[in-house]
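Mind having a look at this structure? Questions to follow.
The values are calculated or read from the model by the stated rules, or taken from the named source; none is laboratory data. Just so it is clear, the model here is predicted, and its values are computed rather than measured. Neighbour counts are summed over all protein chains in view; Cβ atoms, including those assigned to glycine, are modelled from backbone coordinates with ideal geometry. Quick note on the areas: whole protein, heavy atoms, side chains included, nothing else; ligands and nucleic acids left out. Shrake-Rupley method; radii C 1.70, N 1.55, O 1.52, S 1.80 Å.
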Amino acid sequence: MARAVSRNTKIGWTIAAWAVALLIFFPILYTIITSLKSEQEAIAGFDLIPSFTLESYQTVQSQNNYWRPFTNSVILAVGSTLLALIVAIPAAWAMAFSPTKRTKDILMWMLSTKMMPAVAVLVPIYLIFLRTGLMDTRIGLTVLLMMINLPIVVWMLYTYFREIPGEILEAARMDGATLRDEILYVLTPMAIPGIASTLLLNIILAWNEAFWTIQLTTTNAAPLSAFIASFSSPQGLFWAKLSAASVMAIAPILVLGWFSQKQLVRGLTFGAVK
Amino acid sequence: MATRQTQGLARLMRAPAIILLFIWMIVPLCMTLYYSFLNYNLLNPGMTSWAGWFNYQYFYSDPAFFEAIGNTLILVLGVLFITVVLGIAIAMLIDKPIFGQGIVRILVISPFFVMPPVAALIWKNMIMHPSYGVLADVARFLGVQPVDWFAQYPLFSIILIVAWQWLPFATLILLTSLQSLDTEQMEAAEMDGAPAYSRFLYLVLPHMARAITVVILIQTIFLLGIYAEILVTTNGGPGTASTNLTFLIYRAARLNFDIGGAAAGGIIAVILANIVAVFLMRAVGRNLD
Amino acid sequence: MGQITLQGVTKRFGEVEVIPPLDLTIEDGEFVVFVGPSGCGKSTLLRLIAGLEDVSAGDILIDGKNATDASPARRGLAMVFQSYALYPHMSVRKNIAFPLKMAGVSKPEQDRRIEAAAKALNLTSYLDRRPGQLSGGQRQRVAIGRAIVREPSAFLFDEPLSNLDAALRVGMRLEISELHNRLKTTMIYVTHDQVEAMTMADKIVVLQAGRIEQVGSPLDLYLRPKNVFVAGFIGSPRMNLFSGAAAAEYGAMTIGVRPEHIRISGQGGKWKGRVGVSEHLGSDSFFYVEDTGLAETITVRADGEVTLHHGDTVWLTPDEGKIHRFDTNGDRI
């Protein structure tokens with residue numbers, strides 16, 4: 001609203017909004033608090049002030065070998081996203097700047113592959129992984145996650161590329177730029193923000209993927225999602241330790257996520273809402 | 001820029017993505033279809049034989065199948081209802097002139113970035129645990145018997161967790177849509193004497209209709225595949241009380257090693273998802289110019 | 001040198017023929033304006049000359065050499081786009097330097113030419129800014145600067161002023177005309193605004209539906225429009241066109257009289273009517289006369305001091321020597 005609002009009204013809305021926001025954030029906040037407690041404190045009843053001990057974090061790292069799943073998560077998320085970008089950038093570039101009559105159909109078809117429920121192909125993928133020795137390997141899972149996110153990557157890049165005015169590329173052509181110059185000096189610098197957003201969002205999606213990572217790993221290639229899922233049974237009874245592991249699993253992506261709110265809307269709605 | 005040189009190159013650049021996705025889509029799907037007509041159990045692979053429609057019939061006659069379909073629908077609809085209604089309310093609240101809007105947005109959006117197993121574990125242990133959860137603490141504070149959520153209301157508990165995960169998504173998209181509402185239009189309505197509720201009903205809601213549609217359809221696609229939340233909290237139980245279609249198929253494939261049955265279930269899931277997909281494609285396709 | 005010849009140039013998009021076979025010669029140093037209503041194919045024609053679109057048939061000759069299949073960069077032409085098409089991630093200096101860099105011009109020579117262009121276009125103090133920090137008029141000048149440093153054989157302008165406000169537009173119009181006087185380079189300028197066409201052109205090409213309706217100097221078009229379309233399109237306010245008995249009297253299907261060639265009088269004259277809306281600009285007054293029985297309204301241009309009021313009965317008398325007559329096909333008799 002472009003008009004002045006009385007201070008009291010604003011304070012009223014502020015209190016309401018903050019109350020709701022804190023309520024929604026509370027489970028995360030309480031997990032962070034609990035992770036800073038000792039195990040005894042953690043089960044001693046509701047308490048928002050922890051003793052700020054890092055003992056649980058140390059336990060998770062030493063007992064559960066936290067760094068292995070963490071490394072796996074990084075490799076899977078970053079690796080699958082980079083792979084997807086390598087395939088998707090040329091495709092999106094071609095569709096945005098040299099569209100044909102069928103471009104729209106191709107894009108819709110790509111989107112439709114995203115609609116296929118994972119569970120529908122669980123059986124063949126599982127068997128393929130089992131028979132080819134890809135089971136519980138980073139390479140197998142990286143390629144799989146790449147395929148899963150490829151449609152979203154193509155789509156996001158396409159919507160970003162399409163916003164680069166065609167006239168600018170024509171201007172470059174008139175200015176004597178070859179295709180190589182055009183890509184190097186004009187297109188790439190203008191496309192980098194879009195590529196970065198796509199990269200960010202897809203790292204988040206790949207990091208949080210929790211169906212295939214659980215199905216296709218045991219220990220070697222298990223990323224944090226699978227690692228944490230294993231806490232559901234007996235070990236989960238250690239509240240502080242569970243909290244510490246949870247915080248370590250979500251912290252990096254939470255921070256990335258805060259920086260990519262805008263792109264999130266666009267990426268997940270395939271450009272339907274901007 | 002439709003010159004001949006660029007066209008050929010463009011085809012070359014599109015090809016890898018299209019070919020890869022085509023293989024990714026068609027090969028596993030055909031295999032699933034094939035397996036769905038086999039008697040094939042991993043525990044007894046020597047006994048593999050042609051099954052005809054047996055797997056489908058078996059799935060169809062299994063009472064757990066209908067329960068799973070029912071649970072899937074309740075889960076999807078429940079989460080949609082909560083996220084859309086609360087999403088609209090919260091989006092409108094955040095859109096008001098408030099102090100610290102940026103931080104409020106960050107707090108509200110956060111649950112979306114929590115991976116499903118962690119979200120489920122947090123709620124299971126920190127919040128809803130019958131003896132150590134915050135809700136139990138609250139119950140004791142009020143002098144009521146704490147509820148054992150996952151034993152007594154397994155499906156509702158899962159709906160609650162999933163709704164918490166997806167509420168940020170709905171809110172963020174609806175907020176984006178709300179912020180594109182023309183303020184002059186609102187002011188014109190105010191000049192015309194429309195009270196706040198009719199402005200909401202006749203201006204705000206129709207403006208958000210498209211965003212709401214997108215939220216519903218996209219969430220549905222993800223919600224049909226809910227898995228980790230169930231695995232971590234109830235493991236589909238008690239009995240099959242919180243088993244959805246995805247989880248049922250997972251059980252058939254991974255716990256019963258019934259490849260044929262799981263494949264048949266997978267095909268059913270594809271059909272279900274396609275019905276939803278048709279609607280989504282239309283809504284999204286309209287935006288393509 | 002910048003003589004451009006189009007021989008039977010045709011453009012089809014699928015089944016649709018947007019430009020039927022077309023011949024045109026643009027002489028070296030000429031300022032040619034392509035004018036026509038939107039969708040008449042004038043921009044497409046410019047893009048064919050630029051090489052941004054392939055011709056479907058026909059040849060484009062630049063200085064006598066066939067350039068039909070040459071890439072845009074090889075044609076030695078420079079283009080100024082409607083949206084300016086500046087590179088948003090480069091400073092003004094780098095924008096202007098880009099074509100020079102592409103052409104492999106040495107660094108000192110680049111600097112010399114940029115300084116000269118910047119000075120000529122009043123951009124010297126903005127050289128280190130980004131396009132996003134400039135006003136519309138400044139961006140326009142950067143786009144022109146980027147075109148002139150290449151020292152092209154011809155400039156192509158695609159509706160360059162349509163994104164500017166009215167006052168700036170007049171200013172830029174003058175600047176482009178001055179530029180042409182100074183450089184004496186061929187310029188092809190596309191616009192839908194006939195005022196721009198009249199004021200800037202040596203030669204105007206009026207297009208409609210991809211066809212050339214008339215080619216000629218501005219005065220030519222004004223004095224001797226070849227058909228009803230050109231008559232109605234060139235001149236502001238528009239020529240009054242009407243048919244029927246009044247036209248038959250002159251042995252024509254349609255006749256046209258420009259507003260400035262009609263005398264208006266309160267006492268008596270040829271056609272009787274009633275004053276509708278009147279506009280007083282100070283220098284001139286425009287009267288929209290109704291109920292003449294000729295056409296819905298007749299526009300009359302009169303001296304600034306003439307005062308008539310809404311509803312006044314008036315008589316109109318055309319300047320007999322300046323009546324344009326057209327036959328049943330709309331062609332000039």
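Explain nothing, just the number: relative contact order of region C:4-231, from Cα pairs under 8 Å at least 6 residues apart, as a whole percent.
29
Let me ask something additional. Would you mind counting up the charge near C:Leu161? Only other residues with Cβ under 11 Å from its Cβ, with Lys and Arg at +1 and Asp and Glu at -1.
-4
Follow-up question, since we're still on this one. Once you place label points 7 Å from the Cα toward the Cβ at A:Asn65 and B:Leu86, how far apart are they in nm?
The answer from the label model is 3.9 nm.
Using a 1.4 angstrom probe on the protein heavy atoms only, line up A:Ser38, C:Ser135 by accessible area, largest first.
From most accessible down to least: C:Ser135, A:Ser38.
Averaged over peptide B:18-28, how many Cβ atoms belonging to another chain are found within 10 Å of each residue's Cβ?
For peptide B:18-28, the averaged partner shielding equals 6.
Report the one residue of B:Ile158, B:Pro28, C:Tyr84 whose Cα lies farthest in the direction of the positive end of the charge dipole of the protein assembly as shown (charges on C-beta: Lys and Arg +1, Asp and Glu -1; origin at the Cα centre).
Of B:Ile158, B:Pro28, C:Tyr84, it is B:Pro28.
Percent antiparallel among DSSP beta bridges with both residues in the protein assembly as shown, to the nearest 5?
Antiparallel bridges make up about 75 percent of those DSSP assigns within the protein assembly as shown.
Over the Cα atoms of the protein assembly as shown, compute the convex hull volume and normalise it per residue, giving Å³.
Given the Cα convex hull of the protein assembly as shown, per-residue volume reads 244 Å³.
May I pose another question? Name all residues of region B:195-229 having a backbone nitrogen under 18 Å from the label point set 7 Å from the Cα of B:Asp182 along its Cα→Cβ direction, giving them as ranges.
From region B:195-229, the list is B:199-211.
So, R0 is 22 Å and r is the distance between the beta-carbons of B:Ala64 and B:Ala209; what FRET efficiency does that work out to, to 0.05?
Efficiency, from the Cβ-Cβ distance: 0.05.
In percent, how large is the relative contact order of region C:39-116, given Cα pairs closer than 8 Å and 6 or more residues apart?
18
Amide H neighbours of C:Phe34 under 5 Å, at least 5 residues apart or on other chains, H built in the peptide plane: list them.
It is C:Tyr189, C:Val190, C:Thr191, C:Val205, by chain and number.
Report the one residue of B:Ile19, B:Leu142, B:Ala91 whose Cα lies farthest in the direction of the positive end of the charge dipole of chain B (charges on C-beta: Lys and Arg +1, Asp and Glu -1; origin at the Cα centre).
The Cα lying farthest towards the positive end belongs to B:Ile19.
With only Lys, Arg, Asp and Glu charged, each at its Cβ (+1 for the first two, -1 for the last two), find how big the charge dipole of the protein assembly as shown is about the Cα centre; round to the nearest 20 debye.
1560
Just the projected area, averaged over all directions, of the convex hull on the alpha carbon atoms of chain A: how many nm²?
Mean orientational projected area (chain A, Cα hull): 21.0 nm².
Around A:Thr100, under 10 Å between beta carbons, what's the net of Lys plus Arg minus Asp minus Glu among the other residues?
Result for the neighbourhood of A:Thr100: +4.
Give me the inter-chain shielding for B:96-103: mean count of other chain Cβ atoms within 10 Å, whole number please.
Average neighbour count from other chains, rounded to a whole number: 6.
How big is region B:22-285 by Rg and Dmax over its Cα atoms, in Å?
Cα radius of gyration and Dmax of region B:22-285 are 22.5, 79 Å respectively.
For a test of the definition: using alpha carbon positions, the gyration tensor, and the 1.5 limit on a/c, classify region C:109-158 as rounded, prolate or oblate.
oblate
So what's the convex hull volume per residue for the Cα atoms of region A:115-274, in Å³?
Roughly 151 Å³ of hull volume per residue.
Specify, per residue and in Å³, the volume enclosed by the convex hull of the alpha carbon atoms belonging to region C:239-326.
Per-residue hull volume (Cα only) is 82 Å³.
Can you give the accessible area of C:Arg139, probe radius 1.4 Å, in Å² rounded to 10?
Rounded to the nearest 10, the figure is 80 Å².
So if I average 1/r over every pair of distinct C-alpha atoms in region C:4-231 and take the inverse, what Kirkwood radius in Å does that give?
Roughly 18.2 Å, rounded to one decimal.
Oh, and also: Output the relative contact order of region C:207-276, whole-number percent, from Cα pairs under 8 angstrom with separation of 6+ residues.
Relative CO of region C:207-276 lands at 18 percent.
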